[in-house]
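Remarks on the structure that follows.
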Amino acid sequence: MGKKTRVRTVVAAVILSIGALLITDPVGGEPTAKAVLEKAFDYYRGQSSETEVDMIIHRPAWERRMTLKGWSKGREDALIRVVAPAKDAGNATLKKGREMWTYNPKVNRVIKIPPSMMSQAWMGSDFSNDDLAKSDTILEDYTHEMMPVTSQDNHTVYTIRLTPKPRAPVVWGMQLMKIRDDHILLEQGFFDEDRQLVKEMTTSDIVMLGGKLFPRVWRMRKPESPDEYTEVVYREVAFDIPITDAFFSIPNLKDPRVR
Amino acid sequence: MSITAKISWRNIWRNKRRSLLTIGAILFASALLIFSISLQFSSYDTMIDAAVKRHTGHLQVQAEGYHTDKKMRLVIAHPQNLVQSIQDLSYIKAMSSRANAFCLVSSKQRTYGVWVAGVDPAREREVTTIARVIRKGSYLSDETAYEVVLGDILAKNLAVELGDELVLLGQGLDGSIAATAVTLRGIFSTGQPEFDRSALQMPLKAFQETFSMGESVHELVVVATDLERLPDLARSIRERLESASPSEGLQVLTWQQLLPGLEQSIRVDMVSGWINYGIVVIIVAFGIMNTFVMCVMERTREFGMLMALGMRPSQVARLVLLEAAFMSLLGIFLGVVGGCMVTYYFQIHGFQIPGAEQIMAQWGLPSRMWPRLSLMSIFTGPAVIVMVTLLTALYPVLRILGLGPARALRAL
């Protein structure tokens, strides 16, 4: 006890892979697409973060709820641990850059996720490993193009089209992100090479969380099955907590006391 | 025997060598077709058999939609009831239940994503050949042990030896995280690289425990006593399913649906087979046509004389047609007898194409081949040849019909 390690988690944010945001510089005219994106990323992630979220995997016949705790630092590092249900508690995922490791307490093993598995579902949800691991690489792997600006609830909304650079190691043919002028990500659409929408993430319930406006609910779903989705609901968020790079390590991935 | 028949029979033997050559061509062509068609179709059966016995079985009962989606939740909830409701059907040779899950398999150094199958060790032996192609160690035996057998290529990729520990990490039926450590008990090699690279089996009970499956499974694999009985068997299982438990949502899939690639490759092969046979038939047809045309030209004066004596051109034409019919029937008869004898010999003894073992292994086939006679393989080729010979005889016949006695007599 004593030490208050205030780490914070961005679990969900990370999970969501999303990011974005923008700048409305009241003085400086139109922001560039990339600047908008970077701001959004930095906004929802902060310098670092500590979060606690519920992840609800919804299917027509069943629903499953997990509680996750997460920490992130900068754009690259994240650690996410299952807190509930008890059966799965202790399972954890570590992301550093584009690499991911997963830890299972029952077999007490750390497994590095092989590249071939990156497009698989993460913990059975509608988020893929890639959604986590590559969430920040959309800044480098894509070219960004500003689409016509719209407005919603008295906010300007920027729509940015992301097209992968020729050799970028990405699975999507295109992404569309909608970001509000206060840096809040509203929507992210993932399209295949034929520009067909494959899955879509939307945020809602924008409230004060961790000292700033933040969407409390992030939902990922596939357009062909509206009854199947994964929802991440933030319980607690703290931004800009003190946390070292060394926190994101294999020993901490395995240590259930880090929570 | 009518006079025309008698004359035509004699005509055939007037030029023995030519007739014998023609008959020989027909004989050889029909024998060849019988042998190749018998061989071709038996090789399909062998391919189907090899593929089916490697993993899929002749048919499977699964939950509706499982085959396309492979969703863990699409289960057969009460496999025992299902087995009981169909086990008295005839033509069932063996049955075995399985459950599958996609998971990460991790050795000390490496991790791969593979489909893990939970199998009933005792029954699985009757359904597939895996237990017989174990190259190292032994097959699963204990129903509840946490051990696995896997393909040799996968073993190499994971860099594991017998007795090593592997970790499986996936998702359970209830959505929970499923993880377990298992011991490597055996390594198999089916000769089919795709399968040996990706297949991993563990005992069903241990699988159900790990993946929170309870008693449920994903597929009931059925092997029939005879490939030909399969449609009947599939039909009766479907009927039982409908009458016994209307709400279970189970479906019956045959190997054609389970292995669409196999059926397609058989179809493609069949097309190329038919093209080859077509070429053989066309070559034979030209040979025969040559004989007929030659003989009609050579015998134009003879026909002129017959017509001068009072035979109508149609009667002369009938004479020539009969000659053709006699020759082709004779050739076919001898060809069928000879072809069947040769084919039957190899059907009993088999034969091996030297150096083909590797290619055969790629297709998962034994290197020895056995043709198999069937009514279809015996009669298809000869029937086509009869039709083609008679068609080729048509040209000289048409010529004769247009011939007058005076012109014919003056011909060279």
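The values are calculated or read from the model by the stated rules, or taken from the named source; none is laboratory data. Keep in mind that this is a model prediction, so the values were computed, not measured. Positions of Cβ are generated from backbone atoms using ideal geometry, with glycine treated the same way; all protein chains shown enter the neighbour counts. The accessibility values were calculated without ligands, DNA or RNA, using every heavy atom of the protein model including side chains. Shrake-Rupley method; radii C 1.70, N 1.55, O 1.52, S 1.80 Å.
Below is a table of values for the structure above.
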read-out: Ratio of the Cα radius of gyration of the range B:122-182 to 2.2 N^0.38 Å, where N counts its residues; value: 1.27
read-out: Among A:His155, A:His183, A:His58, residue whose mean-square fluctuation peaks in a GNM of chain A (springs only between Cα atoms under 10 Å); value: A:His155
read-out: Total formal charge among the other residues, if their Cβ is under 15 angstrom from that of B:Met305, Lys/Arg +1 and Asp/Glu -1; value: +4
read-out: Most fluctuating residue given options A:Thr230, A:Thr203, A:Thr163, as computed from a GNM of chain A linking Cα atoms under 10 Å; value: A:Thr163
read-out: Cα gyration tensor category, rounded, prolate or oblate, for the range A:66-120 with a/c compared to 1.5; value: oblate
read-out: FRET efficiency, A:Ala61 to B:Ser374 (Cβ-Cβ, R0 35 Å, nearest 0.05); value: 0.10
read-out: Contact order relative to length of chain B, as percent, for alpha carbon pairs under 8 angstrom and 6 or more apart; value: 27 percent
read-out: In the A-B interface, the accessible area buried, summed over both sides, Å² (probe 1.4 Å); value: 1700 Å²
read-out: 1.4 Å probe, heavy atoms, protein only - residues of the range B:63-81 losing at least 10 Å² accessible area vs chain alone; value: B:Lys71, B:Arg73
read-out: The range B:30-56-the range B:65-136 distance, computed between alpha-carbon centres (Å); value: 27 Å
read-out: Value in Å of the Kirkwood radius, where the range A:51-142 supplies the Cα pairs that are averaged; value: 13.9 Å
read-out: Relative packing of peptides A:121-129, B:189-197 - highest average C-beta neighbours within 10 Å first; value: A:121-129, B:189-197
read-out: Equivalent-ellipsoid semi-axes of chain B, from the Cα gyration tensor, Å, largest first; value: 65, 22, 16
read-out: Stokes-Einstein D for the range A:209-254, Kirkwood Rh over Cα pairs, 20 °C, 1.002 mPa s (µm²/s); value: 155 µm²/s
read-out: Hull shadow area, averaged, chain A [alpha-carbon convex hull, nm²]; value: 14.6 nm²
read-out: Contact order relative to length of the range A:132-259, as percent, for alpha carbon pairs under 8 angstrom and 6 or more apart; value: 12 percent
read-out: Å² of accessible area per residue within chain A, as computed with a 1.4 Å probe and no ligands counted; value: 44 Å²
read-out: Per residue, in Å², the accessible surface of chain B once ligands and nucleic acids are set aside, probe 1.4 Å; value: 48 Å²
read-out: Cβ neighbours within 10 Å from other chains - mean over A:184-191; value: 0
read-out: The protein assembly as shown - Rg over Rh from alpha carbon coordinates, Kirkwood radius; value: 1.20
read-out: Average beta carbon contacts from partner chains per residue of B:132-139, 10 Å cutoff; value: 0
read-out: Test item: A:106-118 mean partner chain Cβ contacts at 10 Å; value: 5
read-out: Fluctuation leader among B:Pro79, B:Pro203, B:Pro396 - chain B, Gaussian network, Cα springs under 10 angstrom; value: B:Pro396
read-out: Distance from the range B:221-289 to the range A:47-116 (C-alpha centre basis), Å; value: 47 Å
read-out: Among A:Ile138, A:Leu176, A:Val237 the positive-end extreme of the charge dipole of chain A (Cβ point charges); value: A:Val237
read-out: Local electrostatic count at A:Ser116 - Lys and Arg +1, Asp and Glu -1, tallied over other residues with Cβ under 13 Å; value: +2
read-out: Chain A, relative contact order in percent, only Cα pairs under 8 angstrom and at least six apart counted; value: 24 percent
read-out: Accessible area of chain B belonging to carbon and sulfur atoms, whole % at 1.4 Å probe; value: 60 percent
